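Heads up: the structure comes next, in structure tokens.
The values are calculated or read from the model by the stated rules, or taken from the named source; none is laboratory data. Please read these numbers as outputs of a predicted model, since none were measured by experiment. Note: ideal-geometry Cβ built from the backbone for every residue, glycine included; neighbour counts use all protein chains shown. Remember, those area values only see protein heavy atoms, side chains included, never the ligands or the DNA or RNA. Shrake-Rupley method; radii C 1.70, N 1.55, O 1.52, S 1.80 Å.
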Amino acid sequence: MSPYAIHAEGLRKRYGDTVAVDGVDLAVPQGSVYGFLGPNGAGKTTTIRMLATLVRPTARTARIFGHDVVADADAVRARISLTGQYASVDDDLTGWENLVLMGRLLGHRHRAAAGRARELLAAFGLEAAARRRVKRYSGGMRRRLDIAASIVVTPDLLFLDEPTTGLDPRSRTRVWDIVRELARGGTTVLLTTQYLEEADRLADRLAVIDRGRVIAEGTTAELKRSVATGAVHVRLRDPARREDAARILTRVLAVPVHHEEDPAALSAGLDDPARAGAALSLLACAGIAVSDFSLGRPSLDEVFLALTGQHTAPGPRQEATA
Amino acid sequence: MPPTPRPARHCQPGHAPPAPAAALAFAWRAALRIRHLPDQLFDVTVFPLMMLVMFTYLFGGALAGSTGEYLQSVLPGILVMTVTMTTQSTAVALNTDIAKGVFDRFRSLPIWRPAPVAGALLADLGRYAIAATMIMGLGVLLGFRPAAGPTGVLAGVGLVLLFAWSLSWVWTSLGLLARTPESVMFLGILVTFPMSFVSNVFVDPATLPGWLEAFVDVNPVTHLVTAVRGLMHGEPVTTETGWVLATCAALVAVFAPLTMRLYRRER
């Protein structure tokens, strides 16, 4: 029995001249939540589709609970469930009907399938919408139904492809709770995300993928440590002074300064926390008022910047690879 | 904090349902879609009735001297034609499933692989049966009198259903290849329209120019219409029926495996 839920070495996928996945190594322990983090078009979806037996690798293969995804696809399918990037439920059916259909397809009799559907609708807070067509669901409701459809029969391994893309913060938190709950029940979860916060909150371990390659792997703490020991975050009272502040910080900290999305905020990696104090007093001398100043571990965004030299995608966008 | 989604108790993963159960579940899905979107039934209800009334009264006087007489020969033709023209609907639905991503979920299930297609085609038989019932019902009201009685009618309808089902496999192959549901629909019409009109449905092929008559003679719709007329009116049509059965066998032999091959293909 393989100790790994997913074990891949050098997995590759080429579409014509485009190499979508360029030698991905993965070893995901059973029972963990594994994050797969990367910007749009990095190869996350293609990798998941190979692991879920939907796409054949161009080179090498992967094993799911010891079963080969190409040679033994049926055995793999019996252990996994996939929630794709686009909600893979039938828009024209009601939530209840969608779940009953899945139950029947997974070997339940109609009665048992109906019971399980009711149970899941209740657990996911969709009882009131059970008889409504999915077309009329909100984004968050669809996503919850989608995940519910994936666990009609609890899978040993669940693939979640960007489960919270496009959701509002409340729906997102709800999906996170569901993922944690599933993991507690023993299901291994592989989730892709372009949100660093999501990986940070959910994943035990994560792989950072860029241009079809895994460029870093480890626990979130390890990844953060590998980049810098700490980080300083500054928020200015006056956004107009940001360039002045950036110049001062660059000089005193001797590291690149990162302009945050917030127009008044700056951050920088830091090896020696003692320099932070000097930075703060120099800002004060220059007459730049600071509304927020904190010292902490680097965010995953900073990790990503350090690893790839580019920022991660700022918001929900669709991945280019199919 | 949402309540805990508990694991299923009833069934362990890995126990896939038997093939017929999976196909039936998909047929159930198709039936549910019809219940939610009853306008999907227009092509097997309103459309055939409209065609029957329209062509009977439009051509009846001119082509057969009276509408009553024309009805006897045109009704089996309209039956074949309308059912033939609705055979792409499953292919269109299949293509929509692929575009929407529902298909990925089905393909990652441990089920009998042809089940989604087989189930949808099974539901199609129901749709064709509705079209046939509508046409026969209205036909009898208008004065259609099949000499071979109910047995002949059932045999004729059965043959039409078999042909339509066999032809559906052509469209499912297409549905898995085409880029958009619209192109499936358009290509389907491009083939079924001439196939049903350039036949013996409305006119005696002997009145056509030679090259066109040659096409009509090899058109499977022509054989089917002749066979159905014969079965309903009690004329001997063993050869024609044989041709139709052979065509059905050939269509299924080529396009069912092709559909399954395309289904397994990654996209």
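Kindly report the accessible area of segment A:230-297 per residue (heavy atoms of protein chains, probe 1.4 Å, no ligands, DNA or RNA), in Å².
Result: 53 Å² per residue.
At 15 angstrom or more along the helix axis (alpha-carbon based) and mean Kyte-Doolittle of 0.5 or higher, what helices does chain A contain? Whole DSSP H runs only.
Helices meeting the criterion: A:274-285.
Heavy-atom accessible surface, probe 1.4 Å, ligands and DNA/RNA ignored: which residues of segment B:19-37 lose at least 20 Å² versus the isolated chain?
Residues passing the criterion (a loss of at least 20 Å², heavy atoms only) are B:25, B:28, B:29, B:32, B:33, B:36, B:37.
Suppose the Debye formula is applied to equal point scatterers at every Cα of segment A:230-297; what is log10 I(q)/I(0) at q = 0.14, 0.15, 0.17 Å⁻¹?
Scattering profile of segment A:230-297, log10 relative to I(0): -0.32, -0.37, -0.48.
Can you tell me the Rg and the Dmax, both Å, for the Cα atoms in chain B?
Radius of gyration, then largest Cα-Cα span, for chain B: 20.8, 77 Å.
Leaving out ligands, DNA and RNA, calculate the buried accessible area for the pair A and B with a 1.4 Å probe, summed over both sides, in Å² to the nearest 100.
Buried surface at the A/B interface: approximately 4100 Å².
Please identify, among B:175, B:139, B:234, the residue showing maximal mean-square fluctuation in a Gaussian network model of chain B using a 10 angstrom Cα cutoff.
B:234
Over every pair of different alpha-carbon atoms in the protein assembly as shown, take the mean of 1/r and invert it; report that Kirkwood radius in Å.
After inverting the pairwise mean of 1/r, the radius is 27.6 Å.
Give me a single rounded figure for A:179-192: the average over its residues of other chain Cβ atoms within 10 Å of their Cβ.
That average works out to 1.
State the percentage of accessible surface on chain B attributable to carbon and sulfur atoms; use a 1.4 Å probe and exclude ligands, DNA and RNA.
71
Please calculate how many Å² of accessible area segment B:20-101 carries per residue, with a 1.4 Å probe and no DNA, RNA or ligand atoms counted.
Averaged over the residues of segment B:20-101, the accessible area is 38 Å².
May I ask you to give the percent of accessible area on segment A:57-116 that is carbon plus sulfur, with a probe radius of 1.4 Å?
47
Enter the angle in degrees (range 0 to 90, nearest 10) between the Cα long axis of helix B:149-177 and the first principal axis of the Cα atoms of chain B, meaning the one along which they spread out most.
50
When the accessible area of each residue in segment B:100-130 is compared between its chain alone and the complete protein assembly (1.4 Å probe; ligands, DNA and RNA ignored), which residues differ by at least 30 Å², being lower in the assembly?
In segment B:100-130, residues shielded by partner chains: B:100, B:102, B:104, B:105, B:107, B:108, B:109, B:110, B:113.
Return the calculated 222 nm mean residue ellipticity for the protein assembly as shown, to the nearest 500 deg cm²/dmol, obtained by summing -39500 (n - 2.57) across DSSP H runs with n ≥ 4 and dividing by the residue count.
When only DSSP H runs of four or more count, the value is -17000 deg cm²/dmol.
Tell me, what is the per residue accessible area of segment A:4-218 in Å², probe radius 1.4 Å?
I get 34 Å² per residue for segment A:4-218.
I need the calculated FRET efficiency for the pair residue B:203 and residue B:47, taking r as the beta carbon distance and R₀ as 22 Å, to the nearest 0.05.
0.55
Quick check on the protein assembly as shown: of the DSSP beta bridges with both residues there, what percent are antiparallel, nearest 5%?
65
Would you please give the FRET efficiency between residue B:133 and residue B:57, computed as 1/(1 + (r/R0)^6) with r the Cβ-Cβ distance and R0 = 30 Å, to the nearest 0.05?
The computed FRET efficiency comes out at 0.90.
Please work out the C-alpha center-to-center distance from segment A:163-185 to segment B:242-267 and express it in whole Å.
Answer, in whole Å: 44.
R0 = 56 Å: FRET efficiency of residue A:240 with residue B:183, Cβ-based, nearest 0.05?
0.55
Hey, in the GNM for chain B with a 10 angstrom Cα cutoff, which one of B:220, B:76, B:150 fluctuates hardest?
B:150
Using a 1.4 Å probe on the protein heavy atoms, what percent of the accessible area of segment A:230-297 belongs to carbon and sulfur?
Carbon-and-sulfur percentage of accessible area, whole number: 55.
Rounded to the nearest 10 degrees, what's the angle between the helix B:89-100 long axis and the longest principal axis of chain B, both from Cα atoms, 0 to 90?
So the inclination is approximately 30 degrees.
Using only the alpha-carbon atoms, how far is helix B:181-197 inclined from the longest principal axis of chain B? Give it as 0 to 90 degrees, nearest 10.
Once rounded, the angle reads 20 degrees.
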